[in-house]
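Taking it in order: structure first as structure tokens, then the write-up.
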Amino acid sequence: MSSKKVISGKEVAVHNNRESCWIIVHGKVYDVTDFLDDHPGGSKIILKYAGKDATQEYEPIHPPDAITTHLAPEKCLGSVEPDTALKIEVKVSDLEKQRLERVARRPPLSEVLNLHDFEAIAKLVMPEKAWAYYSSAADDEITNRENHTAYHRVWFRPRIMIDVTKVDWSTKILGHHTSMPIYITATALGKLGHPDGELNFTRAAANHNIIQMIPTLASCSFDELVDAAQPGQVQFLQLYVNTNRDVTKRIVQHAERRGIKGLFITVDAPQLGRREKDMRQKFEADDPSEVKNAGESDSVDRSQGAARAISSFIDPGLQWSDIPWFKKITKMPLILKGVQRWEDALKAYDLGLTGVVLSNHGGRQLDFAPSGLEVLVEVVEQLGKKRGLKFPNEKFQLFVDGGVRRATDVIKAVALGATAVGIGRPFLYAHSAYGQEGVEHGLQILQDEFQMNLRLIGANTIKDISRDMVDASGLGSHVVSVPGDRLYDSNYESMQHAQLRELKAKL
């Protein structure tokens, strides 16, 4: 059929089963019959929308071009006749009504005093599906908590009697000016938390002169986020390497043409970690009657959660020998994101890369991976010994992410040799609870904290923050008692065991 054909919703509705499955996304009709068993999220969710408009389910967890990327052009059968498509009736449950009431009772932003506050509000007002995806981490979530706790084992050694009338916390990342030594790191599925998705980060970053790292798995399309940037606004791209190298090459070279200033290649996700909060929530995510009507058996794997539905393309075969290929296809600075030991940082340096992000994927991959802060100390020490490098270093830059909630955390990382720190979840929570205004308020909180803390440690600029201003001697001791962070601990949601199903009375 011609892609220009107009198809009535009545005709689409007939194709509502495994033998002939059509769906509507953004007004277009697609034949997904042959794609059912290849869909990373399983056939169940597609069959739930067979013969109907699936846009509402599709949009929060897929970039707009995902369906055209994975389906052959001829599978687009045409456009649906306006106002004729069958839509799944959205019933507002009592739980959803209660959630909307909580949204209406959010405190004004003036009462949000720190990044912890955003998490506390977001937990109460976000849809359960979004909270499960954003907050979950791998296995027992030890590394997730350790990312934050590690900062508690580093203490300041403040200088006094320094003229701090004027302080300046701006710096440069990969040679590009930024108002503070942070960037909004890549986090997937922004529309799960807010309809505007990652556009909230793009716009807020512009207003605060902060760099945004665009995620491969954004809910918004790449071009949409680049188009939304202000003239001269700096953006990086986080890249999951596709098993199809032609696709990867196309993404990378398109990003370079669009003016992206740095390519951050994720290297810690050859397989997704088990995020049990997300997985457990999915056991309750779908109406069993819908599954039954769709012809799915009870043996369907429902445990993968939102992440699996969009990430099955990631290449587990990525290796060091691929680095020369990346250098051939782009002139962008290349940074490896997800380095977790000094030996690999050294190898990245020797291969001529621009830097590394010392990261464990927010604790979402390998549990008991070390915190980025702890790896930072060993990288600085060993690259100093092996190659005579001093950090921060303009030619080989070290970044850290995971667990950051305060400007003091960032200052500690800078003192230990980092160029800048990536912040992810706090901005997700800010945008989920308050949209773009929330992200901007979070950035302003950090600006205020930087001003205060630079004065209190006796540093006029970021360059004045030095290694002797912190005591990190306890950083490697994982059993040492640390001061409890009451705000962080009150936000952390304990993991749950499997539980007995609710008993229902027969009468």
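Observations on the model:
- Every residue from the stretch 449-484 that is among the charged types (D, E, K, R), in contact (Cβ under 8 Å) with a residue 40 or more places away in the chain and surrounded by 12 or more Cβ atoms within 10 Å (Cβ to Cβ): 449, 455, 467, 471
- Residue 67 vs. criteria over 29 Å from residue 456 (Cβ atoms), under 23 Å from the mean Cα position of the chain (by Cα), of a type in the set (A, V, I, L, M) and in a helix (DSSP H, G or I): yes
- A search for C-beta distances below 7 Å between a residue of the stretch 99-127 that is within 17 Å of residue 426 (Cα to Cα) and any residue that is assigned to a loop (DSSP other than H, G, I, E, B) and small (Gly, Ala, Ser), counting only pairs 6+ apart in sequence or on different chains, returns 126/193.
- Criterion: touching a strand residue (DSSP E or B) at 6+ places or on another chain (Cβ under 8 Å) and within 27 Å of residue 466 (Cα to Cα) - qualifying residue of 417, 388, 363: 417
Results for (1) more than 24 Å from residue 137 (Cβ to Cβ); (2) in contact with a helix residue (DSSP H, G or I) (Cβ under 9 Å, 6 or more places away or on another chain); (3) buried (at least 21 other Cβ atoms within 10 Å of the Cβ), shown as yes or no for each residue.
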| site | (1), (2), (3) |
| --- | --- |
| 198 | no, yes, yes |
| 206 | yes, no, no |
| 243 | yes, no, no |
| 246 | yes, no, no |
| 254 | yes, yes, no |
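- Index of the failed condition, residue 390 passing every other in (1) free of Cβ contacts under 8 Å to residues at least 24 places away in the same chain; (2) not in a loop (DSSP other than H, G, I, E, B): (2)
- Within the stretch 211-238, considering residues that are without any contact (Cβ under 8 Å) to a residue 40 or more places away in the chain and assigned to a helix (DSSP H, G or I), the one surrounded by the fewest Cβ atoms within 10 Å (Cβ to Cβ): 227
- Scanning the stretch 391-418 for residues that are among the β-branched types (Val, Ile, Thr) and surrounded by fewer than 24 Cβ atoms within 10 Å (Cβ to Cβ) turns up just one, 408.
- Hey, residue 139 assigned by TED's automatic domain parsing to the domain that holds residue 409 and in contact (Cβ under 8 Å) with a residue 12 or more places away in the chain or not: yes
- For residue 475: the one exception among (1) at pLDDT 95 or above; (2) aliphatic (A, V, I, L, M); (3) not in a strand (DSSP E or B): (1)
- Single condition residue 66 does not satisfy, out of (1) outside the structural domain of residue 14 (by TED's automatic domain parsing); (2) among the aliphatic types (A, V, I, L, M); (3) surrounded by 10 or more Cβ atoms within 10 Å (Cβ to Cβ): (1)
- For the stretch 131-149, filtered to residues that are within 12 Å of the chain's Cα centre (by Cα) and in a helix (DSSP H, G or I), the residue that is surrounded by the fewest Cβ atoms within 10 Å (Cβ to Cβ) is 135.
- Lone unmet requirement of (1) modelled with pLDDT of 95 or more; (2) of a type in the set (Gly, Ala, Ser); (3) farther than 29 Å from residue 258 by Cα; (4) within 17 Å of the chain's Cα centre (by Cα) for residue 384: (4)
The values are calculated or read from the model by the stated rules, or taken from the named source; none is laboratory data. Worth saying up front: this structure is predicted, and the values here are computed from it rather than measured. Please note: Cβ atoms are built from the backbone with ideal geometry, for glycine as well, and neighbour counts cover all protein chains shown.
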